[in-house]
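The values are calculated or read from the model by the stated rules, or taken from the named source; none is laboratory data. Here the structure is a predicted model, which is why all the values come from computation and not from measurement. No Cβ is skipped: glycine too gets one built from the backbone with ideal geometry, and neighbour counts run over all protein chains shown. For accessibility, only protein heavy atoms count, side chains too; no ligands or nucleic acids. Shrake-Rupley method; radii C 1.70, N 1.55, O 1.52, S 1.80 Å.
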Amino acid sequence: MAAKYEDIYNSLLDKIKFGHFKEGDILPSEYDLMNEYKASRDTIRKSLQLLSNNGCIQKHKGKGSIVINSNIYNFEFGGIFSFKEVSSKMYGKAETIVNKCECIKPNLLIKKTLKLNDNDRVWAIERIRNIDGENIILDIDFINASIIPFIDENILKDSLYEYIENNLKLKISYAEREISCEKVNNNDKKLLDLKDYDMIINVESKTFLSDTRVFQLTSARHRPDKFKFRDFARR
């Protein structure tokens with residue numbers, strides 16, 4: 001269950017994203033937000049700080065919290081989100097198609113990356129992300145089966161991360177990512193609606209639990225016209 005300040009943050013983020021608050025608008029005062037959300041001042045300040053950290057508002061003494069960015073993209077890489085969490089905030093219709101779910105013996109590269117023992121096995125998973133009728137993302141996962149002993153198609157079509165955190169009571173904590181542009185391969189051509197594109201954006205991720213164990217290696221292959229990288233930096 002999310003903390004209250006995170007729920008308030010998500011509520012305010014939705015209001016910014018869907019135009020209730022536009023760029024240049026000033027958010028309600030901390031006092032008004034306290035009354036609206038039945039929350040303490042400290043909780044409201046944590047929510048506003050999170051909006052500020054993510055580049056959505058600028059705090060201005062004497063004015064309040066000014067919206068500086070209402071152009072919230074669909075896929076953000078500053079956090080760790082499941083596709084279900086991301087797609088719930090999208091305008092279009094989103095669907096997950098499970099193409100593969102097998103428990104296999106890993107190759108040497110996967111074994112080294114996931115720090116596996118000789119007899120360990122991995123879940124080899126392929127999921128196609130269909131948005132508005134087009135297959136635009138192919139997620140290829142290898143997951144340590146010693147940590148996640150059971151996965152099936154129903155879990156994958158809903159939310160793997162929800163299953164891991166809610167059912168297995170494991171805390172997903174952080175990820176290392178590398179973004180590259182690559183030539184499409186035969187599997188991309190077979191599973192994605194690539195139009196005339198011959199290059200693809202690949203986001204390679206290693207995802208860790210709170211105890212620092214790496215449990216997942218992911219290659220998320222995006223059709224380039226549907227990929228946007230958004231970052232925000234403060235000095």
Only one of Ile136, Ile172, Ile151 is at pLDDT 95 or above and not aromatic (Phe, Trp, Tyr), namely Ile151
Given the condition within 22 Å of Ile97 (Cα to Cα), under 20 Å from the mean Cα position of the chain (by Cα) and among the aliphatic types (A, V, I, L, M), answer yes or no: does some residue in the range 172-182 qualify? no
Counting just the residues of the range 1-45 that are within 17 Å of His60 (Cα to Cα) and of a type in the set (Gly, Ala, Ser), which one comes out surrounded by the most Cβ atoms within 10 Å (Cβ to Cβ)? Ser29
Restricted to the range 200-218, and to residues that are open to solvent by 60 Å² or more (accessible area, probe 1.4 Å), touching a strand residue (DSSP E or B) at 6+ places or on another chain (Cβ under 7 Å) and not polar (S, T, N, Q), which residue is nearest to Leu138 (Cα to Cα)? Glu204
For the list (1) open to solvent by less than 40 Å² (accessible area, probe 1.4 Å); (2) of a type outside the set (Val, Ile, Thr); (3) under 19 Å from Val214 (Cα atoms); (4) in contact with an Asp or Glu (Cβ under 8 Å, 6 or more places away or on another chain), I need the number of the one condition that Ala175 fails. (4)
Is there any pair with a first residue in the range 14-25 that is under 13 Å from Ile68 (Cα atoms) and a second that is charged (D, E, K, R) whose Cβ atoms are under 7 Å apart and which are 6 or more apart or on different chains, and what are they? Lys17/Lys89; Phe21/Lys15
When the range 138-172 is checked residue by residue, the ones that are of a type in the set (Phe, Trp, Tyr) and open to solvent by 90 Å² or more (accessible area, probe 1.4 Å) are Phe150
The range 180-197, residues that are open to solvent by 80 Å² or more (accessible area, probe 1.4 Å) and either closer than 17 Å to Ala220 by Cβ or not polar (S, T, N, Q) (or both): Cys181, Lys183, Lys189, Lys190, Lys195, Asp196, Tyr197
